[in-house]
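*Asks:* Dropping a structure here in structure tokens format, bear with me for questions.
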Amino acid sequence: MSQRTSFNYKGKFTLITGASKGLGKAYAEELAVRGSNLVLVARTKDALETLAASLRRDHGVRVEVIQADLADMSAPERIMEELDRLGVDLDLLVNNAAVGYSGGFFTRPIVEELTPVSVNVYSLVALTHLLGRRMVARGSGGIINVGSNGGFQPGPFNATYGATKAFVLMFSEAVAEEIKGSGVRMMVANPGATATAFFEQSPPP
């Protein structure tokens, strides 16, 4: 029976979206412990810079910061341009950024129902395509898309968020099948409720 070996993160480059807090920050800290260089992406530059400084100091890894609002549909292309400017060739993409608002669908402004679609679906698909295509051409790399347990069933009063996470699950499983044997692996992580600042933006109805 073949024995599975651990992936060597040392010297590799990982890009994490939504990296300034919550799960994204936790992923960044753990990957830095394992020796991965990092590209941290989020809207809040000050928080990113503070995290980047501590990771450089504590773990001796290279950490770059890209400020981007993934609700802006031009953001994925601008992230690509910045990676090229930095000379970074990614080994791992962690699509972690997500937005969700609780409340009745018809009681909230339409912009609050469309923002999760922009962040959780559009930006994830765009970054997966833009960065994953390069990985496939190279023959190596990995993509982790962060879904949610909320994507397995309809969620009244959180309808749009749950639907976007169902998309993430179906999309990730389909593309993972397409790229089998390419040297690139894709997976979807579906965490349950986690004590992060996410619930500050999505209070119960």
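The values are calculated or read from the model by the stated rules, or taken from the named source; none is laboratory data. All values derive from a computational prediction rather than experimental measurement. Note that each Cβ is placed from the backbone with ideal geometry, even for glycine, and that neighbours are counted across all protein chains shown.
*Asks:* Out of Ser102, Ser123, Ser118, report the one residue that is surrounded by 14 or more Cβ atoms within 10 Å (Cβ to Cβ) and either part of a loop (DSSP other than H, G, I, E, B) or on the phi > 0 side of the Ramachandran plot (or both).
*Replies:* Only one candidate passes the filter, namely Ser102.
*Asks:* A further question on this structure: Say whether the condition of being over 18 Å from the mean Cα position of the chain (by Cα), surrounded by 13 or more Cβ atoms within 10 Å (Cβ to Cβ), at pLDDT 65 or above and part of a loop (DSSP other than H, G, I, E, B) is met by at least one residue in the range 185-203.
*Replies:* There is no residue in the range 185-203 that is over 18 Å from the mean Cα position of the chain (by Cα), surrounded by 13 or more Cβ atoms within 10 Å (Cβ to Cβ), at pLDDT 65 or above and part of a loop (DSSP other than H, G, I, E, B).
*Asks:* Give the residue, chosen from Met80, Met1, that is of a type in the set (A, V, I, L, M, F, W, C) and modelled with pLDDT under 95.
*Replies:* The conditions single out Met1.
*Asks:* Take the residues of the range 134-167 that are touching a residue at least 60 places away in the same chain (Cβ under 8 Å) and either more than 23 Å from Tyr27 (Cβ to Cβ) or aliphatic (A, V, I, L, M) (or both): which is surrounded by the fewest Cβ atoms within 10 Å (Cβ to Cβ)?
*Replies:* Thr160
*Asks:* Going by the conditions given, is Ser172 hydroxyl-bearing (Ser, Thr, Tyr) and closer than 30 Å to Phe105 by Cβ?
*Replies:* yes
Condition check ((1) among the hydroxyl-bearing types (Ser, Thr, Tyr); (2) over 18 Å from Ser118 (Cβ atoms); (3) in a loop (DSSP other than H, G, I, E, B)) across all residues:
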{"site": "Thr14", "(1), (2), (3)": "yes, yes, no"}
{"site": "Glu29", "(1), (2), (3)": "no, yes, no"}
{"site": "Leu40", "(1), (2), (3)": "no, yes, no"}
{"site": "Ser54", "(1), (2), (3)": "yes, yes, no"}
{"site": "Asp69", "(1), (2), (3)": "no, no, yes"}
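*Asks:* A further question follows. Would you point out which residue out of Ala52, Ala97 is crowded, with 19+ Cβ neighbours inside 10 Å, more than 18 Å from Arg133 (Cβ to Cβ) and touching a residue at least 40 places away in the same chain (Cβ under 8 Å)?
*Replies:* Of the residues listed, the single one that is crowded, with 19+ Cβ neighbours inside 10 Å, more than 18 Å from Arg133 (Cβ to Cβ) and touching a residue at least 40 places away in the same chain (Cβ under 8 Å) is Ala97.
*Asks:* If you go through the range 83-98 one residue at a time, do you hit one that is closer than 23 Å to Tyr122 by Cα, modelled with pLDDT of 95 or more and in a helix (DSSP H, G or I)?
*Replies:* yes
*Asks:* Looking only at the range 55-79, how many residues end up being small (Gly, Ala, Ser), under 20 Å from Ala97 (Cα atoms) and surrounded by fewer than 22 Cβ atoms within 10 Å (Cβ to Cβ)?
*Replies:* 3
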